[in-house]
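Computed from the coordinates by the stated procedures, all read-outs in this text should not be read as laboratory data. All values reported here derive from a predicted model rather than from experimental measurement. Virtual Cβ from ideal backbone geometry, glycine too; neighbours counted across all protein chains shown.
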Amino acid sequence: MSSFIRPGIGAQNWVSRTNYPALNVIQTGPEEMSVYVNQDYAQPTAHLRRYSMRLDGFGSIQADYDGGELLTKPIIFSGSKLSVNFSTSAAGGIRIELLTAEGEVIPGFSLYECREQIGNEIDRVVSLDSERKLSDLEGTPIRLRLMMKDVDLYSLQFQE
């Protein structure tokens with residue numbers, strides 16, 4: 001029941017049907033989706049406003065500057081790459097390690113072998129300083145442990 005787009009300042013933003021979406025969320029670029037919203041409904045100043053956001057940008061797992069950790073439930077994946085959609089500050093970053101279903105670090109996939117991911121990208125392939133290949137773990141139950149600092153993680157995906 002939380003709002004996604006709040007009414008703006010001024011009475012014209014608080015009339016009936018203002019802030020109603022005029023169209024579903026649609027992809028409007030390779031890294032962007034948009035929603036069109038009625039503004040100033042039934043007034044001479046009525047118009048549509050376009051709001052744009054990154055792909056998969058409706059929600060994120062967020063860590064502040066003090067940092068945070070996320071541990072997934074055991075998952076089974078297929079693929080040879082792990083891709084993340086994320087945004088960090090200049091001081092932020094994210095590292096991902098792979099654990100057994102029981103929580104033990106898998107050699108070759110520790111936090112220290114994962115290069116810290118910094119920046120703002122829709123589809124960044126996580127890189128490792130290891131000879132191990134992610135595809136070696138296909139079909140095996142694993143957990144992901146994410147160490148994050150001043151970051152929004154929007155999505156992650158295993159890819160071929």
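Observations
- Computing FRET efficiency as 1/(1 + (r/R0)^6) for SER34 and GLN157, where r is the C-beta to C-beta distance and R0 is 22 Å, gives about 0.50.
- With both labels modelled 7 Å from their Cα along Cα-to-Cβ, the TYR20 to ILE61 distance reads 3.8 nm.
- Exposure proxy shown here: for VAL125, VAL15, the number of other Cβ atoms within 10 Å sets the order, fewest to most, as VAL125, VAL15.
- Debye intensity ratio in log₁₀ form over the Cα atoms of region 61-159, taken at each q of 0.11, 0.15, 0.17, 0.19 Å⁻¹: -0.29, -0.54, -0.70, -0.89
- Rg over Rh for region 1-127 works out to 1.12, using Cα positions for both radii and the Kirkwood form for Rh.
- Bins of 5 Å, starting at 0 and running to the largest distance - Cα pair percent for region 11-54: 5, 25, 26, 18, 12, 9, 4, 0
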